Amino acid sequence: MTVETIGVRVDGVSKRYAHRVKGEIYAARDVRLDVRPGEFLTLLGPSGCGKTTTLRMIAGYEKPDAGRIFFGGQDVTDLPANKRNIGFVFQNYALFPHLSVFENVAYGLRVRGQTDDVIQKSVGDVLALVGLAGYEQQFSGQLSGGEQQRVALARAIVIRPRVLLFDEPLSNLDAKLRVQLRQEIRDVQRRLGITTVYVTHDQEEAMAVSDRIAVMHQGSVVQEGTAEDLYYRPASQFVAQFVGRVNLVAGRVVETVGGRVNIAALGTTISARSAPRGLAPGDPVQLIIRPEAIEVARAGEEPLTAMVVSRSFLGEKLEYLLRCAGETLQVVRYNAGPEAVIPDGATISLRFAEDAVTVLTERGGDGRPT
Amino acid sequence: MGMRKDPAVTTAVFVLWALLALFVVYPLAALFARMLVDHGTFTTAGLAAVLTDRHQIRAFWNSLLLALLVGIAGTMIGFLFAFTAARGRLPRVLLTVLDAAVLLPLVSPPFTTAIAMIFSFGPRGLITYDLLGLKSVTVYGLTSTLFSEVLTYFPIAYLTLRPLLTAIDSNVEGMALSLGASRWRVFRTVTLPLTIPGLANAFLLLFAASLADFATPLILAGNDFQVLPTQAYLQITGLFDLRGGAALSFVLLLPALAVFLLQRYWVSRRYYVTITGKGAGQAPFDSTSPGARAVLLVACALVALVIVYFYALLLYASVVVALGANHAFTLQHYRVIFTDGLKAIRDTLIIAGLAMPLGGLYGILLGYLVTKKAFPGRRTMELVSMINYALPGTIVGIAYLIAFNDPPLELTGTALIIIACYIFRYGPTGIRATVALLQQIDKSLEEASQGLGAGSGTTFRRVTLPLIMPAFFAGLGVVFIRSMTAISATIFLVSIGWTLITVKILENITELSLGPAAAFSVLVVVIVFVVIALIGRVLRLFRAPGAVPMTSLLGG
């Protein structure tokens, strides 16, 4: 059976809860998302940001207080979960403990009244796809975390859902397995081309698997884009700090010349291209400089002077903490051999390219990058 | 998900309320009415008569004293067994022996230890008369009642405390040890404090059990140590004074109710350790030195030995002509119970056989509805369903007797009244098991089923129901066992038409035909063990995790 690939549109959806201490709060507030057919979209954010609530509303496990949800052209807002034709992978896997691996995977097919032949073949195929051929008669209690996760994935995809939904599926697994399984999830999704919404709080995971990422904060989507968009052009301090690591440096606008802004910071003048519109001289701003964008030179080579406070040796790379004009900066350098390691207390100079600097107004999230 | 009106749920709720009203609320109301209304006028004369009668006041204090002592002693022995089982690093075989010794009193008819006490310490007792040559000691009184009740009820404390001790995170104790505390200090400052809510709970359960116990004092208390349940029984069967019996029930009800409320709303919320049913997945803390372990083992072995001796004695008494007088082998007593006693056996099996499936169904249905469905008054329904379970059987029996004596609800003399009594008195175990199991089942399981396209009916049938089947069988088992062994409520409800083995045992004891009484007791123990084994086998077919073990349900 073939299922047409459809997009998912979340249109101004809100969900309120009564909180014990804070009174009524928004778990999701006017959330808008447009997931294209076949796309892998990730909802990324810290715990309590509303990403799981949003996902559960897409699934039909929660009903929004306001807004609509569309699968393709169909309004599914009032459709219960069992009528939406979704595949959902839970954080705790939610395998049926009284059923074997085979029967767990077959469950959705049996509900759909498939014949035994079809079930036998489909379950066999999908178990082979997730690398669990031969596990048919096992029970969930006998499986490792990674195996349980694969069964959960198999159970979700065997019904050929219109939309595949993941709620932090890897958070109960150890680091190495997480990396391996996220790749497998991505491969399976690509192969089947199912429109997918994935929830995680792990920015690296989000960047590794997604076509696009929507960053959520306090119930709202604060920025949406590819991993590169979010990393290089964060719209707010929150996104900048949540996606990757940053140096935040306070500064003041000196002048805007053409497409570039000159800013007084770190005791010198720094030029940047990526800045909000309408900045006037004297405006306070925040500069965002990624640790890997800062280059290190011998003392005196560059106008910016800094001192090494400490360093961490991480094998493939080194992380330095520097003191520069009263600010603390993080710098990451790839390990270029034992001679290149800079000792603690050494004085050095720094440089970074104009386009490595992002300017945000003090209020952060208000301004969109130009 | 939203709550849609489901006609099946509405009907079930309505039917259950009607049944609860008829078999729980109405009898209790009738009991109060009988006590307080005389020929249409309100009077406290009946109550006043009880409250001013010196004998009855003595009985009240005696009941409290006995319950207090049984609570303390039973909790201590229960803790001893639980600690030894949880922390003694016993080999599997010894654990099984320990469990079996504990299980025995729980599944026995109520008089078993009492009969064994008389055989051992009575006028012609094996120990007092034959062994020690004592002639003037009397077995009747506080000491032997206490001894017998502690042996009968300490397993409840064991079953309450053992899961608690097992569930304590051994890292917490290991941490204390690493901070320099000795094993004994760890026990005193960590293990014991964490167990205190459990100890309080066990104490209250034992207190309630002793307060409600009717059979043991009837046989062993004698004339100098009267307690309330037996007084109420004598008031009704001896003096045909229903109002006096009702008033005595009321006096008994107050401490029973206080204990129930304390246990449910105070102690149970003070647990530090949550028992999830999942194993902690780590080795238990090595909390006993070899010396301490030996002491614990010897102490447990002594208690277990007494239990085994009592049951061996019972078996022996059932196959000799007259214990203490003529020890020739005979099957005469069994011939008697299978001829004269056949009707009681048949009646008991019919009643237990009917009460079992109905009680199991009632438990699972009510437990499911109050946990999973939102409807007005569901908390109240759960509470009301617990009333007959929490009240001493004497009260329930007298209430049923008063309520169903007259048309249009004239049920006295029928099997129905006994069956209803068992369902609403012992079905709540199934309710509690169902609620406990449902609370352990993560809601994502039902959501997963729903997400895969299953409607709520299919989800219930294919996911929820199989997962709560263990609770159904556990509830079933408890109703059956109690139907075979209970007497406190149903002694008021038997008739010429329908009688029970337990009542027959009591008759035999009062007629001093101890041989047939012993034979009856052995028969009941055997039947109950066979049924438990069968149910255990069925339960093993379900692979649900965290399934409530059968033994943990016998406690209440």
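Of all the criteria given as (1) at positive phi; (2) touching a residue at least 40 places away in the same chain (Cβ under 8 Å), the one not satisfied by residue A:60 is (2). The set of residues from the stretch B:301-350 being over 22 Å from the mean Cα position of the chain (by Cα) and among the hydroxyl-bearing types (Ser, Thr, Tyr) comprises B:309, B:316, B:318, B:330, B:334, B:339. Here are some conditions: (1) more than 14 Å from chain B (Cβ to nearest Cβ); (2) assigned to a loop (DSSP other than H, G, I, E, B). Residue A:222 meets all but one. Which one does it not meet? Evaluating residue A:222 over (1) more than 14 Å from chain B (Cβ to nearest Cβ); (2) assigned to a loop (DSSP other than H, G, I, E, B) leaves (2) as the failure. Scanning the stretch B:453-501 for residues that are within 17 Å of the chain's Cα centre (by Cα) and in a loop (DSSP other than H, G, I, E, B) gives B:486, B:487, B:488, B:489.
Condition check ((1) in contact with a Ser or Thr (Cβ under 9 Å, 6 or more places away or on another chain); (2) in contact (Cβ under 8 Å) with a residue 60 or more places away in the chain; (3) β-branched (Val, Ile, Thr)) across all residues:
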| site | (1), (2), (3) |
| --- | --- |
| B:61 | no, no, no |
| B:84 | yes, yes, yes |
| B:87 | yes, yes, no |
| B:111 | yes, yes, no |
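Counted as qualifying within the stretch A:246-299 are the strands (runs of 3 or more DSSP E) with 2 or more residues that are loosely packed, with under 13 Cβ neighbours inside 10 Å, namely A:247-257, A:295-298. Mind checking which residues of the stretch A:104-162 are charged (D, E, K, R) and buried (at least 23 other Cβ atoms within 10 Å of the Cβ)? Matches in the stretch A:104-162: A:150, A:155.
Taken residue by residue, the stretch B:402-421 has no member that is hydroxyl-bearing (Ser, Thr, Tyr), part of a helix (DSSP H, G or I) and over 22 Å from residue A:94 (Cβ atoms).
Could you say whether any residue in the stretch B:55-78 is closer than 30 Å to residue B:242 by Cα, away from chain A (no Cβ under 14 Å), hydrophobic (A, V, I, L, M, F, W, C) and not in a helix (DSSP H, G or I)?
No, there is no match, as no residue in the stretch B:55-78 is closer than 30 Å to residue B:242 by Cα, away from chain A (no Cβ under 14 Å), hydrophobic (A, V, I, L, M, F, W, C) and not in a helix (DSSP H, G or I).
None of B:496, B:431, B:481 is crowded, with 24+ Cβ neighbours inside 10 Å, more than 19 Å from residue B:385 (Cα to Cα) and either more than 14 Å from chain A (Cβ to nearest Cβ) or of a type in the set (D, E, K, R) (or both) except B:481.
Residues that are touching a Phe, Trp or Tyr at 6+ places or on another chain (Cβ under 6 Å) and under 22 Å from residue A:103 (Cα atoms) were ranked within the stretch A:163-189; the one that is farthest from the other protein chains (Cβ to nearest Cβ) is A:166. Only one of the numbered conditions (1) assigned to a helix (DSSP H, G or I); (2) in contact (Cβ under 8 Å) with a residue 60 or more places away in the chain is not met by residue A:198, and that is (1).
Name the single residue that is surrounded by the fewest Cβ atoms within 10 Å (Cβ to Cβ) among those in the stretch B:27-45 being out of contact with any Phe, Trp or Tyr (no Cβ under 9 Å at 6 or more places or on another chain) and modelled with pLDDT of 90 or more. By that ranking, first place goes to B:29. Does residue A:63 qualify as being part of a loop (DSSP other than H, G, I, E, B), within 14 Å of chain B (Cβ to nearest Cβ) and not aliphatic (A, V, I, L, M)? Yes; evaluated as a whole, the condition is true for this residue. In the stretch A:253-276, the residues that are on the phi > 0 side of the Ramachandran plot reach residues that are not in a loop (DSSP other than H, G, I, E, B) with C-beta atoms within less than 6 angstrom, at least six apart or across chains, in these pairs: A:266/A:324.
Filtering B:441, B:402, B:423, B:387 for residues that are at pLDDT 90 or above and either buried (at least 19 other Cβ atoms within 10 Å of the Cβ) or under 24 Å from residue B:482 (Cα atoms) (or both) leaves a single hit, B:423. Within the stretch A:107-137, being away from chain B (no Cβ under 14 Å) and aliphatic (A, V, I, L, M) holds for A:118, A:127, A:128, A:129, A:130, A:132, A:133.
Here B:225, B:203, B:207, B:187 are screened, and the one residue that is in contact (Cβ under 8 Å) with a residue 40 or more places away in the chain, buried (at least 19 other Cβ atoms within 10 Å of the Cβ) and not in a helix (DSSP H, G or I) is B:225.
In the condition set (1) within 31 Å of the chain's Cα centre (by Cα); (2) at pLDDT below 90; (3) more than 7 Å from chain B (Cβ to nearest Cβ); (4) surrounded by 18 or more Cβ atoms within 10 Å (Cβ to Cβ), residue A:83 is compliant with all but (4). Restricting B:106, B:132, B:94 to residues that are of a type outside the set (Val, Ile, Thr) and under 22 Å from the mean Cα position of the chain (by Cα) narrows the list to B:106.
Scanning the stretch A:317-333 for residues being in a loop (DSSP other than H, G, I, E, B) and either among the basic types (Lys, Arg) or modelled with pLDDT of 90 or more (or both) gives a total of 0. Taking the listed residues B:348, B:371, B:339, the one that is exposed (fewer than 15 other Cβ atoms within 10 Å of the Cβ) and β-branched (Val, Ile, Thr) is B:339, with no other qualifying. Residues that are of a type in the set (Asp, Glu) and in contact with a Phe, Trp or Tyr (Cβ under 7 Å, 6 or more places away or on another chain) are absent from the stretch B:331-346. Restricting B:454, B:471 to those that are within 14 Å of chain A (Cβ to nearest Cβ), without any contact (Cβ under 8 Å) to a residue 12 or more places away in the chain and not polar (S, T, N, Q) reduces the list to B:454.
Scanning the stretch B:165-184 for residues that are assigned to a helix (DSSP H, G or I) and farther than 30 Å from residue B:108 by Cβ turns up B:170, B:171, B:172, B:173, B:174, B:175, B:176, B:177, B:178, B:183, B:184. Out of curiosity, is residue B:380 without any contact (Cβ under 8 Å) to a residue 12 or more places away in the chain and either surrounded by 24 or more Cβ atoms within 10 Å (Cβ to Cβ) or assigned to a helix (DSSP H, G or I) (or both)? So residue B:380 fits the description; yes.
For every residue, the table says whether it meets (1) touching a Phe, Trp or Tyr at 6+ places or on another chain (Cβ under 6 Å); (2) farther than 25 Å from residue B:256 by Cβ.
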| position | (1), (2) |
| --- | --- |
| B:356 | yes, yes |
| B:373 | no, yes |
| B:376 | no, yes |
| B:382 | no, no |
| B:394 | yes, no |
| B:429 | no, no |
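Here residue A:150 meets the list (1) within 13 Å of chain B (Cβ to nearest Cβ); (2) closer than 19 Å to residue B:444 by Cα almost entirely, failing just condition (1).
In the stretch A:96-122, the residues that are outside any helix (DSSP H, G or I) reach residues that are modelled with pLDDT under 90 and polar (S, T, N, Q) with C-beta atoms within less than 6 angstrom, at least six apart or across chains, in these pairs: A:97/A:140.
The values are calculated or read from the model by the stated rules, or taken from the named source; none is laboratory data. Bear in mind that the values here come from a model prediction, so they are computed numbers and not experimental data. Cβ coordinates were reconstructed from backbone atoms using ideal geometry, including for glycine residues, and neighbour counts include every protein chain displayed.
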